[in-house]
Every structure is written in structure tokens, then in C-alpha cells.
Amino acid sequence: MAAVVDTANPIHVRGLRKRYGNASVVQDVDLEVHPGEVFALLGPNGAGKTTTVEILEGVRRRTGGDVSVLGRDPAEDAPEWRARLGIVPQTTGAYSDLTVREVIEHFAAFYPAPLPVEQAMEMVGLRKQERKQAHQLSGGQLRRLDVAVGIVGDPDLIFLDEPTTGLDPAARLEAWELVRYFADRGKTTLLTTHYLDEVEALAQRAAVIVAGKVVEVGTVAELGGRRDTPAVVSFTRVGRMAGLTLPLLPPDALVDPSDDEVVTLHTHSPTQALAAILPWAAEAGVHELPDLRVQRPTLEDVYLKLISENQGADS
């Protein structure tokens, strides 16, 4: 395969395909990952995420398409190119008898210009544990060790495969801070995860892959048309509100007529709607609206909708 050079973006993919016999695992995938961003790759199990990432990492050969990672074709697997990658899998491996320092020193030896081991330990918050054996570390500390192994080569591009799977809430937040730390240093990160709150907290953009195809790419805020989907405002009528006509609402507001007790309306202007409803309720002697909710589509809502709409699509 001819190398495709794209110096503008760390990852450039056009028409990526991977087949095993008659089975298509990845079909005509297009991706662009911009310099310095955290980009999330989402999709259900078996969607083709891992295959796509392994092709980008140079550990799996593609059937077709153009791929450029840090300006090189990953199929060439050049040593100087690989030294610019940081790969953090779900687990680095079993090194129960090695100390934190020994594990990091072991992996640092693979790179031509690694970070000093002391700096790598400091970056991931393991300096105080450097003499501890791996089996003595907590789950969060082990994940930090995985990250240290992935970044000790001082990479320009970091692949994070479900970095917080199995971690408790406190350890998850610590891992998030590490991702932000590298982003602040201008590193580019490709993140795969099943935790959508993680995507909202860390990623600027995301792609959803279903049945081997990318079905949506965009900013996290706009994915699946979230920004264009109306908000839902609802509350329960009490007291004198029960017999009153609703006030003048924004022109686009649609009120659900099916329930006289619970008011439910859909609008792109929920703030304007509340600005009209609150004084109307106060005039009726109600200063706190019972069961008041303002709901916008969550990332989980649009993600599940995209999967449902595309999972049964013809391949």
C-alpha cells in the first residue's frame, strides 16, 4: 500500500476497509483527528472500534483505504514513527514482582528518547510508590502505571483504550485529570470508551461506529443533532394554576394536551418559556413549581438512537 502523507492532522483516514474472508468488519470509514484534541471513538461491542484502532496503531493490516497517522502509513511500522505513539491498552500486563520504577524503566528502554523515569512517575502521580511492587498498588494506581508505560516515550499521539474500566469513581476522576494534563501539553488523544459521561468530560469531538461504519461525526455538543432537538419543560399544576390558561409562550412551544395535571411543552427556548411561566405561577400563589424539569437530549439519548437506527442497516 502506498503511504498517504497528511501533515495537517495526526490521523487522516479515507475509505478504510477490513475484511476477513467474506465478512466486512470495517467498511469505508472516514476519520479526521485534529492536532491537540481528545477525539472519542464510540460504538457497541463488535462495531469495529478495536479493529480500526489497531490499524491506526500499525498492529493490524487493512484491506483497503488510505490511512495517515502522524504523516506516515501505519502499515510501514517504521521504528521512528512508532516511537511517537503512546498506546495505553486496557491493561499493560502482569508485572506483579516488579516495582513501579522497574516497570517504567523496562518500557522506557524501547524508545530512542524517552522521558526521564522520574518525570514519568511524577506526571502520573506515582513517585511515592516507585519502590512498590505492582501487586501492592490500588486499582487507580495500576491504571496510572498503565498510563506511565504509554507516555514514557514522550509521544505526540496517545491511544487510550477504555482507560477507566473497572475503576472506582475517585480513581476515574484521577484518570480524567491525566487526560486533561496531556491535552494541555498539546498531545493528541484518541479515546475509546463505553462511558458517555467520560466523553462529555474529556472529548471535543466524537465518532460513532456501528456495524463497521461511521454513522455520525461531530462535536460532542452537536452529535446526533442534540443542539437542534427541543428541550422538554414540565411541571405539575397545583392550586389556582389548575384552572388557568397558560401564559403566552415562545412561538415554537408545543404543549402536550394529553395531561391536564402535568404540563409538558417542547421548545427551543426553555429560558424564555420559564420567564413567562414563573410570574404566571406566582400570580396564582405558586412560588415553587412542583416537579419542575428542564430536560435536553443527553449524549446517551442520541448515542442509543444512532445505534438503534443503524444497527440493522444493510452492510
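Among (1) part of a loop (DSSP other than H, G, I, E, B); (2) β-branched (Val, Ile, Thr); (3) buried (at least 21 other Cβ atoms within 10 Å of the Cβ), which single condition is Thr165 missing?
(3)
So Ala201 ticks every box in (1) in contact (Cβ under 8 Å) with a residue 40 or more places away in the chain; (2) more than 30 Å from Ala275 (Cβ to Cβ); (3) surrounded by fewer than 20 Cβ atoms within 10 Å (Cβ to Cβ); (4) not aromatic (Phe, Trp, Tyr) but one. Which box is left unticked?
Of the numbered conditions (1) in contact (Cβ under 8 Å) with a residue 40 or more places away in the chain; (2) more than 30 Å from Ala275 (Cβ to Cβ); (3) surrounded by fewer than 20 Cβ atoms within 10 Å (Cβ to Cβ); (4) not aromatic (Phe, Trp, Tyr), the odd one out for Ala201 is (1).
State all residues of the range 182-198 that are surrounded by 15 or more Cβ atoms within 10 Å (Cβ to Cβ) and within 21 Å of Met121 (Cβ to Cβ); if no residue qualifies, say none.
Phe182, Ala183, Lys187, Thr189
Looking at the range 165-188, which of its residues are touching a Gly at 6+ places or on another chain (Cβ under 9 Å) and not charged (D, E, K, R)?
Result: Gly166, Leu167, Ala170, Ala171, Ala175, Leu178, Phe182, Ala183, Gly186, Thr188.
Has the range 10-25 got any residue that is under 22 Å from the mean Cα position of the chain (by Cα), modelled with pLDDT under 95, surrounded by 15 or more Cβ atoms within 10 Å (Cβ to Cβ) and part of a strand (DSSP E or B)?
Taking every residue of the range 10-25 in turn, at least one turns out to be under 22 Å from the mean Cα position of the chain (by Cα), modelled with pLDDT under 95, surrounded by 15 or more Cβ atoms within 10 Å (Cβ to Cβ) and part of a strand (DSSP E or B).
Give me the residue from the range 237-266 that is modelled with pLDDT under 95 and polar (S, T, N, Q) and, out of that set, most open to solvent (accessible area, probe 1.4 Å).
In this case the residue turns out to be Thr245.
Look through the range 267-301, keep the residues that are acidic (Asp, Glu) and within 29 Å of the chain's Cα centre (by Cα), and return whichever of them is most open to solvent (accessible area, probe 1.4 Å).
Ranking the qualifying residues of the range 267-301, first place goes to Glu300.
Need a quick list: helices (runs of 4 or more DSSP H) entirely within the range 36-119 having at least 3 residues that are buried (at least 20 other Cβ atoms within 10 Å of the Cβ) and in contact with a strand residue (DSSP E or B) (Cβ under 7 Å, 6 or more places away or on another chain).
The qualifying helices (runs of 4 or more DSSP H) are 49-57.
Only one of (1) under 20 Å from Val53 (Cα atoms); (2) in contact with a strand residue (DSSP E or B) (Cβ under 8 Å, 6 or more places away or on another chain) fails for Thr164. Which number is that?
(2)
Can you give me the number of residues within the range 120-142 that are touching a strand residue (DSSP E or B) at 6+ places or on another chain (Cβ under 9 Å), surrounded by 13 or more Cβ atoms within 10 Å (Cβ to Cβ) and basic (Lys, Arg)?
Residues flagged as touching a strand residue (DSSP E or B) at 6+ places or on another chain (Cβ under 9 Å), surrounded by 13 or more Cβ atoms within 10 Å (Cβ to Cβ) and basic (Lys, Arg) within the range 120-142 amount to 1.
The values are calculated or read from the model by the stated rules, or taken from the named source; none is laboratory data. These numbers come from a predicted model, not from an experiment. Glycine gets a Cβ as well: all are built from the backbone with ideal geometry, and neighbour counts include every protein chain shown. To get the accessible areas, we keep the full protein, side chains included, count just its heavy atoms, and leave off ligands, DNA and RNA. Shrake-Rupley method; radii C 1.70, N 1.55, O 1.52, S 1.80 Å.
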